[in-house]
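Engineer: Below: one structure in structure tokens.
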Amino acid sequence: MPPKSRFTRLDAFTKTVEDARIRTTSGGVVTIVSLFVVLFLAWGEWADYRRIVIHPELIVDKGRGERMEIHLNISFPRVPCELLTLDVMDVSGEQQHGVQHGVKKTRLRPQSEGGGEIDSTTLSLHAADESATHLDPSYCGPCYGATAPENAIKAGCCNTCDEVREAYAQASWAFGKGEGVEQCEREHYSERLDEQRHEGCRIEGGLRVNKVVGNFHIAPGRSFSNGNMHVHDLKNYWDTPIEGGHSFTHQIHSLRFGPQLPDDVHKKLVGKNQPWTNHHLNPLDGTQQETDDPNYNYMYFVKIVPTSYLPLGWQKRFDNAREDHSTNLGNFGKLNDGSLETHQYSVTSHKRSLAGGDDAAEGHQERLHSKGGIPGVFFSYDISPMKVINREERSKTFIGFLAGLCAIVGGTLTVAAAIDRGLFEGATRLKKLRGKDL
């Protein structure tokens, strides 16, 4: 017999000699079942290790001097495009009157004709052959007392009806239909406007604004500032040959702040109760409001929550990812590391007639409305000081996976040994009882 080592007494796995081992049929069955159980549970542990979960965090948003994008798609079936103006204002003092960059106006057929889009060649109110390009090169149209706009085709001149209207807006003067203005009479501005009275309009596109408290609105007439007041020229809106006038019946097809969650990520989370799954759902999408009152105002109060989405492995690419404020409209917030800077929002709405009154017709006689204001659709947004971070992570670490695997093997074998021992003891006692009976 070989000499005993000093570690012999520490051996927790004592052995039996081969002659003392008993192999049974039940033991073989239990062994096979245990093997399948171990393989099944090990596969489940591997799948759980490979599973990606989204871990939400809530922090204080310490960003400064940031920008955000607003993407909108809104239809107005009872107001022509020529009368609609989109303006953006914020508490930083920045104002963008008559926003056009990144925003497209699409003329819609009257509702009686189905409301479809009008051919793109007729989207512009002024035909190319009636613009100032055919005039004498030395022609310099008058601005009728106003200062010529900076973006005029010819410096210091108002050669088109649109330039005269722009000059009037800069001077805070009402314009009307352009009666007595030779440029507008030459372009038949009044006649063409009346031809479009029954049409609708869809405004869609994107805006890039300061990430501060502000508002944007869609209202009739050219806008301008008069002192500290924001004013719209409503003469053409009120002075209409249409019976009953125009109205701000509208449908919000979509409204979001920042980029949308990529479809491939959204598909992975569909059907799972994850915090990020509601980012494809914007509360105002599909909202529809109807009114026959041309003197009506709709207001939406939006609370915006900055939100980040950090995909798995974003840290490795973070050094080369920086938010570029010069990036094209629509790509803002999508970083090179695959992360996404966007916003969730909640909203409450309010509507009222500018003539005042109450909401007795809706069962709320206690609600009283003040008189005055501008007809239109207004969106007032506020930025939350908190930020939500949704971070992709493995459900467990590799060390956790190994620990779980060891637990599966050890636990299964322990339970199998207990079952085998029970079956063996039961069979042995049963044989002894039968032997006594014989």
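Throughout, read-outs are computed from the coordinates displayed, never taken from laboratory work. What you are looking at is a predicted structure, and each value in this text was computed from that prediction instead of being measured. Glycine also receives a Cβ, built like all others from the backbone with ideal geometry; neighbour counts cover every protein chain displayed.
Engineer: Which order, highest average first, do 397-410, 235-248, 73-86 follow once you tally other Cβ atoms within 10 Å for each residue and take the mean per peptide?
Structural biologist: 73-86, 235-248, 397-410
Engineer: How long is the gain from TRP43 to VAL347 if the chain were fully straight, where each residue apart is worth 0.36 nm and the alpha carbon distance is subtracted?
Structural biologist: 104.9 nm
Engineer: Using the beta-carbon distance between GLU191 and LYS104 and R0 = 25 Å, what value does 1/(1 + (r/R0)^6) give for FRET efficiency, to the nearest 0.05?
Structural biologist: 0.50
Engineer: Residues of region 285-312 with backbone nitrogen within less than 18 Å of a virtual label 7 Å along the Cα-to-Cβ line of GLU243, please, listed as ranges.
Structural biologist: Label zone hits: 292-294.
Engineer: OK, next. Would you please name the GluC sites (Glu not before Pro) within region 132-186 that are DSSP coil residues with at most 14 other C-beta atoms within 10 Å of their C-beta?
Structural biologist: GLU150, GLU179
Engineer: Next question. Applying a 10 Å radius around every beta-carbon, put 31-41, 199-209 in order of their mean neighbour count, most first.
Structural biologist: Top to bottom by mean Cβ count within 10 Å: 199-209, 31-41.
Engineer: Can you pull the semi-axes for region 208-257, root of five times each eigenvalue of the Cα gyration tensor, sorted largest first, whole Å?
Structural biologist: 26, 19, 6
Engineer: Would you kindly state how much longer the chain becomes between LYS431 and SER395 on full extension, computed as 0.36 nm times their sequence separation minus their alpha carbon distance, in nm to one decimal?
Structural biologist: Net length gain for the segment: 7.9 nm.
Engineer: Report, in listed order, any pair from LYS211/LYS371; LYS235/LYS371; LYS303/LYS351; LYS334/LYS387; LYS211/LYS396 with a Cα-Cα distance greater than 27 Å.
Structural biologist: Beyond 27 Å: LYS211/LYS371; LYS211/LYS396.
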